[in-house]
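Asker: What follows is a single structure, and I will ask about it in a moment.
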Amino acid sequence: MKTKMYALPALPYDYKALVPFLSEEQLKIHHDKHHKAYVDKANEVLGKLEIARREGTKIDVKAVSKNLSFQAAGALLHSLFWKNLAPKDQTQTEPTKIIGDEITKEFSSFERFRKEFTDCAINCEGSGWATLAYDRQTNHLVIMQIEKHNINIIPGLDLLLVLDVWEHAYYLDYKNERPKYVEAFWQNVNWQEVEIRLDKAILTLKQ
Ligand SMILES: [Fe+2]
């Protein structure tokens, strides 16, 4: 069987498509340099593991596992992030029907959800992610604050909406003003994609 590796997906829009939320330069460096680096490093770990196992050489399992967790999670989260965004003229500022109803059911109102998610993003210590996830065990929507790319994760949840709050995601456009970046993000959320992910999670639950 051919070995499958991690891959860098192309952006689903061009580099200028998210202006003024993200400049061409900011988006390009984030996708082409930072995201690519996670993909490359995750693949490097896979390659080293393959060689070590083939040649029977010793590996530091703890260090390798930790590194793979970080790099692979970084690669995956960025792939989800790009599809969670859309040019302003192709999206709407409030959620589409099904996800909108679920958000209201869980958080009482969209405004309340937006405030909790915003707080989660702004108050993430250092580098990390704000996420909205679906827990198939309980049917609840959950806000999960991920530190780095892989810390504080509840395993098995479906990630519906993710927001990168690493400085590399916004520093060129917003400098140290993370709250301004988070506020601007709401204008470019691709709610259709969030709804598609929720649909898939619920469908999997029924199967
Ligand atoms: Fe990032």
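Asker: Net charge near residue 95: determine it from the other residues with C-beta under 9 Å of the C-beta of residue 95, scoring Lys and Arg +1 and Asp and Glu -1.
Answerer: Charge balance in the 9 Å sphere: -3.
Asker: Next up: Determine the calculated [θ] at 222 nm for the chain from helices alone, applying -39500 (n - 2.57) to every DSSP H run no shorter than 4 residues and normalising by the residue count; nearest 500 deg cm²/dmol.
Answerer: Counting only the DSSP helices, I get -15000 deg cm²/dmol.
Asker: Span-like helices, the chain: DSSP H, alpha-carbon axial extent 20 Å or more, mean Kyte-Doolittle -0.5 or greater, which ones?
Answerer: Going by DSSP H runs, the hits are 61-83, 191-206.
Asker: Could you tell me whether region 125-207 comes out rounded, prolate or oblate from its Cα gyration tensor? Rule is a ≥ b ≥ c as square roots of the eigenvalues, rounded for a/c under 1.5, then prolate if a/b exceeds b/c, otherwise oblate.
Answerer: oblate
Asker: Under 18 Å Cα-Cα from residue 83, which aspartates and glutamates qualify once same-chain neighbours fewer than 8 residues away are excluded?
Answerer: 14, 24, 32, 94, 158, 164, 193, 195, 199
Asker: On to the next question. Size of the dipole of the chain about the Cα centre, Lys and Arg at +1 and Asp and Glu at -1 on the beta carbon, nothing else charged, in debye to 20?
Answerer: It comes to approximately 800 debye.
Asker: Still on this structure, please answer the following. Taking region 4-100, which trypsin sites (Lys or Arg not before Pro) meet the DSSP loop condition and have no more than 10 other C-beta atoms within 10 Å?
Answerer: Answer in residue order: 4, 58.
Just so you know, all these numbers are worked out from the coordinates, no wet-lab data involved. Note that the coordinates shown come from a computational prediction; the quantities given were computed from them, not determined experimentally. Counting neighbours? That spans all protein chains shown, and the Cβs are built from the backbone with ideal geometry, glycine included.
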